[in-house]
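So the structure is just underneath, and the comments pick up after that.
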Amino acid sequence: MAGTAGSINAAVAASAGQPLLVAGFAEWREAARELLAFDIAPHAVKWIGQRDEADLFAGAPADPHEAAHAIDLRQARPVMHLPRKLMDMLQSAACCRVPDRWAFLYRVVWRWQHGDQVVLSPADEDGARLHAMVKAVHREEHDMHAYIRFRERPEAAGAPRFVAWFEPAHDVLPQVAQHFVSRMGRISWMIATPDASVLWDGETLHNTGPLVSSAADLDDAGEALWLTYYRSIFNPARLNAGLMRSHIPSRFWKHLPEGSVVPQMVSQAAAGARRTGQAEAVGQRRGTTIPIAADKAQPQRQAPSTLDECRRCELWQHATQAVGGAGPAHARIMLVGEQPGDQEDLAGEPFVGPAGQLLDQVLRDAGLDRRTIYLTNAVKHFKWEPRGKRRLHKTPAQREIEACSYWLDQELAQVKPDVIVALGSTALKSVLGTGNVTLKDTIGKPIRHDGRWVITVYHPSFVLRVPDEASKQQAMAVMVDGLRQAQQLLQMKSEN
Amino acid sequence: MDLTDKLEILADAAKYDASCASSGAPKRSSEGKDGIGATSGMGICHSYTPDGRCVSLLKILLTNFCIYDCQYCVNRRTSNVPRARFSVDEVVKLTVDFYLRNYIDGLFLSSGIIRSADYTMEQLVHIARQLREVHNFRGYIHLKTIPDADPALIAAAGKYADRLSVNIELPTQASVEKLAPEKSVHTIKLAMGSIRRRLDEKAEEPRSPKFAPAGQSTQMIVGADASDDQTILSTAETLYTSYKLKRVYYSAFSPIPQSPGSVPLAPPPMLREHRLYQADFLLRSYGFVASELLPASGGNLALDIDPKLAWALANREHFPLDLNLADASMIARVPGIGLRNAKRIVELRRLRRIRYADLVRLRCSMKKIAPFIVTADYSPVRGAASSEVLRRSLAEAPQQMNLWPELRAA
């Protein structure tokens with residue numbers, strides 16, 4: 001007689017050499033917990049699942065007298081708590097239809113209980129098998145999600161509106177049913193399999209035994225449309241039937257409506273229609289060209305500014321757009337930065353990113369209104385290099401600065417500012433037209449250049465990168481001082 | 001024209017688009033609710049066609065009337081193809097019917113340009129809105145964005161769609177100017193940039209209205225112009241980093257009926273597309289940069305070996321790598337060890353030392369991996385084989401030239 005799992009009797013029965021009958025994962029878990037508590041080794045337990053009928057009578061105790069050594073119930077030990085990951089794997093593997101599944105799973109938890117954590121690694125022999133079982137079950141769940149085909153029943157026939165037949169290789173029906181509950185909302189459906197069926201009436205799931213013995217034989221007009229789509233979405237120029245078969249194992253094809261049209265599609269594509277991707281049926285129809293003149297087909301676009309067409313250096317290739325200057329056409333102070341950053345490149349406007357926000361702060365501290373200043377950059381395209389998934393700012397080379405000074409010179413000629421504030425070294429080099437200047441020598445010291453005052457301060461991005469708060473405040477103070485000086489220079493100029 | 005005829009023409013017209021993914025959407029369920037549809041975050045392929053590509057979405061054009069004249073496209077205005085146009089209700093009904101029968105996970109909708117970019121985009125948004133708001137459809141929706149459309153329409157599309165895509169189609173501006181005279185790389189980049197800015201805004205303000213939660217993607221056609229793989233990969237890298245794309249799809253050019261003289265008559269080798277996908281995966285998930293895989297001076301990926309093996313053979317100074325000491329990102333760079341096995345090796349290493357037999361049980365490709373690793377009980381003979389010799393032994397077997405492809409395929 002088989003012992004009933006799920007009670008204290010499991011340990012008694014096992015130690016008496018009786019096989020344990022297990023109907024499902026919950027029962028197995030109860031029994032296993034108990035066996036572990038009495039430290040009963042895997043080889044001493046005989047498990048039988050409900051499906052394994054052949055084994056039902058194979059488990060008689062070898063020696064009935066051994067039952068006399070029944071375990072001492074007082075010797076129970078605390079059982080280790082199993083981690084979630086292991087429990088999930090066990091639960092999945094328990095759905096795998098292999099004859100010794102319960103015995104195998106017990107061996108796994110036994111080893112874990114004895115501190116053998118390697119059992120979870122696929123590099124371990126048991127671990128590899130556990131992973132393989134889990135994978136097979138997940139694969140079957142996935143295939144059932146993918147390859148079930150519902151057929152619609154006439155509305156007058158009542159619930160279920162949609163029925164499907166499937167032959168799963170593992171015990172995955174309960175979890176798959178849940179997938180379709182969330183997919184179908186309040187619409188009723190039924191999935192029949194050789195062992196069991198589930199019916200969803202729109203509110204609750206009903207589990208029953210096998211109801212039908214083959215695929216539902218229904219006429220469904222939707223299926224003809226599906227076959228049309230299936231045939232048309234296939235590109236005969238790319239025929240690769242081997243790849244198709246490796247994705248859908250052959251046992252599924254017989255229940256898929258499209259399975260019946262595949263051989264014909266393969267042979268047609270192989271027999272000459274391969275030169276073009278168009279389906280034969282479409283190619284045979286009468287065609288139409290669209291009678292519209294080429295110049296009428298042009299989309300309406302704003303004429304791109306000339307800056308966008310700039311190819312004076314290579315930076316345009318990897319930038320979104322050129323970022324020109326912004327501000328009053330005759331501002332008296334012009335702020336020149338280095339180059340647009342990530343945000344500026346997307347927005348098409350200078351100083352809108354983090355550096356722009358810091359600049360706003362500095363301008364406020366210096367008592368300047370951003371709206372009265374002309375803001376621009378020495379280089380108009382964003383230069384960057386990939387760093388992980390981000391664009392990392394890269395300092396422009398001298399030749400790129402020189403190429404782009406063409407545009408800065410035009411801005412200077414149009415705006416005619418009295419004072420230029422150069423933010424950082426690239427801006428300074430560009431404004432002075434030479435690579436032989438250093439930030440250190442010029443910072444905070446106004447220079448006369450081409451009849452204008454040029455004053456250099458740090459670039460806001462530099463301030464953002466300063467690690468400690470004290471130095472950062474100091475760097476910001478230099479910027480504020482510089483901008484105040486710019487205002488003073490402006491006043492001197494107007495007094496003269 | 002009845003629905004079957006339209007479906008035949010407009011699915012045929014849509015099959016040149018490579019993307020058909022339905023992953024990345026937030027979890028949704030219709031349990032106990034009106035309407036239908038669920039997403040689990042992971043896409044499901046519901047079928048495979050004889051070209052080996054999966055069907056996970058109803059991929060159709062709203063119409064294949066098109067006023068543009070892109071040379072690589074079967075629907076260009078000068079092409080003599082049968083034309084059709086779905087009504088909004090037809091697309092909605094097809095999507096719902098196919099979804100209920102479990103044929104698809106959702107809709108991938110694109111269109112030829114009719115009247116204007118804005119008008120076309122409005123129609124696409126209209127269909128998505130009907131599905132979401134009238135039918136409470138919670139399945140996946142991917143809308144192809146028309147680059148010249150008003151940014152307000154792109155914003156509306158992102159409200160209903162899980163994913164938006166703007167196709168760059170060709171890797172260089174020069175090729176786009178030549179083969180797609182009505183398109184402009186500039187407006188394509190601006191459209192991608194505007195989508196990225198909205199995705200960024202959404203990420204910063206989680207309570208703001210939803211916007212394309214599965215992100216944006218694009219497609220590049222390979223082999224319609226003379227661009228080499230270096231150009232293609234570096235363009236892909238620019239797009240990934242600049243616009244935070246989820247995917248770049250590569251579609252080997254398929255010759256089209258009555259092909260214009262400006263595009264080739266023969267398709268590029270399908271293996272080239274495959275190698276680009278492999279290289280792309282190295283960019284997205286392994287931390288490679290394009291310049292490591294191909295020199296800036298240009299060139300194509302090797303067809304006989306995969307790009308990771310090619311990189312390892314060209315960078316032998318990093319190997320053999322001691323799997324018991326190296327860090328995870330370097331282990332993942334060993335040919336024959338994937339991301340998952342790299343993680344497993346690091347996990348196992350905390351418990352005990354890695355041995356050769358462990359790798360066999362992890363089902364690594366031992367022939368590939370052996371020259372590049374050191375384990376507790378194994379180390380290759382140093383300098384035993386030159387990269388050239390290794391390459392010959394690891395390359396895929398050369399195949400007999402295919403003289404009669406039709407016969408062979410049959």
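The values are calculated or read from the model by the stated rules, or taken from the named source; none is laboratory data. Quantities reported herein were computed from a predicted structural model and do not represent experimental measurements. Here the Cβ positions follow ideal geometry from the backbone for every residue, glycine too, while neighbour counts run over all protein chains shown. Accessible surface is based on the protein model in full, side chains and every heavy atom, while ligands, DNA and RNA are left aside. Shrake-Rupley method; radii C 1.70, N 1.55, O 1.52, S 1.80 Å.
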Legend entry - Residue check for residue B:347: within 14 Å of chain A (Cβ to nearest Cβ) and either within 24 Å of residue B:219 (Cα to Cα) or part of a loop (DSSP other than H, G, I, E, B) (or both): no
Inset, instruction - Restricting attention to the range A:224-242, report how many residues are in contact with a strand residue (DSSP E or B) (Cβ under 8 Å, 6 or more places away or on another chain), modelled with pLDDT of 90 or more and in a helix (DSSP H, G or I). - result: 2
Inset, instruction - Filter the range B:35-52 down to residues that are more than 7 Å from chain A (Cβ to nearest Cβ) and surrounded by fewer than 22 Cβ atoms within 10 Å (Cβ to Cβ) and give me whichever is nearest to residue A:249 (Cα to Cα). - result: B:43
Legend entry - Number of the condition not met by residue B:97 [criteria: (1) open to solvent by 30 Å² or more (accessible area, probe 1.4 Å); (2) touching a helix residue (DSSP H, G or I) at 6+ places or on another chain (Cβ under 8 Å); (3) more than 24 Å from residue A:252 (Cβ to Cβ)]: (3)
Legend entry - Check on residue B:156, more than 22 Å from residue B:41 (Cα to Cα) and free of Cβ contacts under 8 Å to residues at least 12 places away in the same chain: no
Inset, instruction - Could you grab me the full set of residues in the range A:149-178 that are closer than 13 Å to residue A:222 by Cα, open to solvent by 10 Å² or more (accessible area, probe 1.4 Å) and touching a residue at least 24 places away in the same chain (Cβ under 8 Å)? - result: A:149, A:151, A:152, A:153
Inset, instruction - Please determine, by comparing only the residues of the range A:257-274 that are surrounded by fewer than 18 Cβ atoms within 10 Å (Cβ to Cβ) and within 8 Å of another protein chain (Cβ to nearest Cβ), which one is nearest to residue A:148 (Cα to Cα). - result: A:267
Inset, instruction - Give the residues of the range A:352-370 that are under 16 Å from residue B:197 (Cβ atoms) and among the hydrophobic types (A, V, I, L, M, F, W, C), sorted by residue number. - result: A:352
Legend entry - Flag if residue A:245 is within 21 Å of residue B:10 (Cβ to Cβ), within 38 Å of the chain's Cα centre (by Cα), open to solvent by 40 Å² or more (accessible area, probe 1.4 Å) and facing chain B (nearest Cβ under 10 Å): no
Inset, instruction - Please specify each residue of the range B:204-237 satisfying the condition of being under 18 Å from residue B:189 (Cβ atoms) and in contact with a strand residue (DSSP E or B) (Cβ under 8 Å, 6 or more places away or on another chain). - result: B:212, B:215, B:216, B:217, B:218, B:219, B:220, B:221, B:232, B:235, B:236, B:237
Legend entry - Failed item, numbered, when residue B:19 is tested on (1) crowded, with 18+ Cβ neighbours inside 10 Å; (2) under 22 Å from residue A:141 (Cα atoms): (2)
Legend entry - Top-ranked residue of the range A:275-289 - restricted to ones that are within 16 Å of residue A:235 (Cα to Cα), at the interface with chain B (Cβ under 7 Å from one of its Cβ atoms) and out of contact with any strand residue (DSSP E or B) (no Cβ under 9 Å at 6 or more places or on another chain), ranked as most open to solvent (accessible area, probe 1.4 Å): A:275
Inset, instruction - Mind listing whichever residues of the range B:67-118 are touching a Lys or Arg at 6+ places or on another chain (Cβ under 7 Å), at the interface with another protein chain (Cβ under 7 Å from one of its Cβ atoms) and of a type outside the set (Ser, Thr, Tyr)? - result: B:67, B:69, B:82, B:101, B:102
Inset, instruction - Determine, yes or no, whether residue A:448 is touching a residue at least 12 places away in the same chain (Cβ under 8 Å), basic (Lys, Arg) and open to solvent by 60 Å² or more (accessible area, probe 1.4 Å). - result: no
Legend entry - Hits in the range B:1-16 - residues which are outside any loop (DSSP other than H, G, I, E, B) and surrounded by fewer than 20 Cβ atoms within 10 Å (Cβ to Cβ): B:3, B:4, B:5
Inset, instruction - Being aliphatic (A, V, I, L, M) and part of a loop (DSSP other than H, G, I, E, B) is the filter; apply it to the range B:286-298 and report the residue that is farthest from residue B:329 (Cα to Cα). - result: B:296
Legend entry - Any hit, the range B:18-34, residues being more than 10 Å from chain A (Cβ to nearest Cβ), modelled with pLDDT of 95 or more and out of contact with any helix residue (DSSP H, G or I) (no Cβ under 9 Å at 6 or more places or on another chain): no
Inset, instruction - Working only within the range B:201-224, note down all residues that are in contact with a Ser or Thr (Cβ under 6 Å, 6 or more places away or on another chain) and open to solvent by 30 Å² or more (accessible area, probe 1.4 Å). - result: B:202
Legend entry - Answer residue from the range B:379-410, given it is surrounded by 11 or more Cβ atoms within 10 Å (Cβ to Cβ) and within 14 Å of chain A (Cβ to nearest Cβ) and is modelled with the highest pLDDT among those: B:405
Legend entry - Residue selected from the range B:226-238 under the condition open to solvent by 30 Å² or more (accessible area, probe 1.4 Å) and not in a helix (DSSP H, G or I), by the criterion farthest from residue A:385 (Cα to Cα): B:226
Inset, instruction - Considering each of B:313, B:301, B:282 in turn, give the residue that is closer than 30 Å to residue B:244 by Cβ and assigned to a helix (DSSP H, G or I). - result: B:282
Inset, instruction - Filter the range A:161-206 down to residues that are within 14 Å of chain B (Cβ to nearest Cβ) and not in a loop (DSSP other than H, G, I, E, B), then give me how many there are. - result: 19
Legend entry - Residue ID - farthest from the other protein chains (Cβ to nearest Cβ), chosen from residues in the range A:297-330 that are surrounded by 15 or more Cβ atoms within 10 Å (Cβ to Cβ), part of a loop (DSSP other than H, G, I, E, B) and hydrophobic (A, V, I, L, M, F, W, C): A:313
Inset, instruction - Scan the range A:331-338 and give yes if some residue there is part of a loop (DSSP other than H, G, I, E, B), more than 36 Å from the chain's Cα centre (by Cα), more than 30 Å from residue B:12 (Cβ to Cβ) and more than 10 Å from chain B (Cβ to nearest Cβ), otherwise no. - result: yes
Inset, instruction - For the range B:155-209, name all the residues that are away from chain A (no Cβ under 12 Å), part of a loop (DSSP other than H, G, I, E, B), over 24 Å from residue B:22 (Cβ atoms) and among the hydrophobic types (A, V, I, L, M, F, W, C). - result: B:170
Legend entry - In the range B:239-259, the residues that are in contact with a helix residue (DSSP H, G or I) (Cβ under 9 Å, 6 or more places away or on another chain), open to solvent by 10 Å² or more (accessible area, probe 1.4 Å) and farther than 27 Å from residue B:214 by Cβ: B:257
Inset, instruction - With a cut-off of at least 1 residues that are within 45 Å of the chain's Cα centre (by Cα), name the strands (runs of 3 or more DSSP E) lying wholly within the range A:401-496. - result: A:419-423, A:452-457
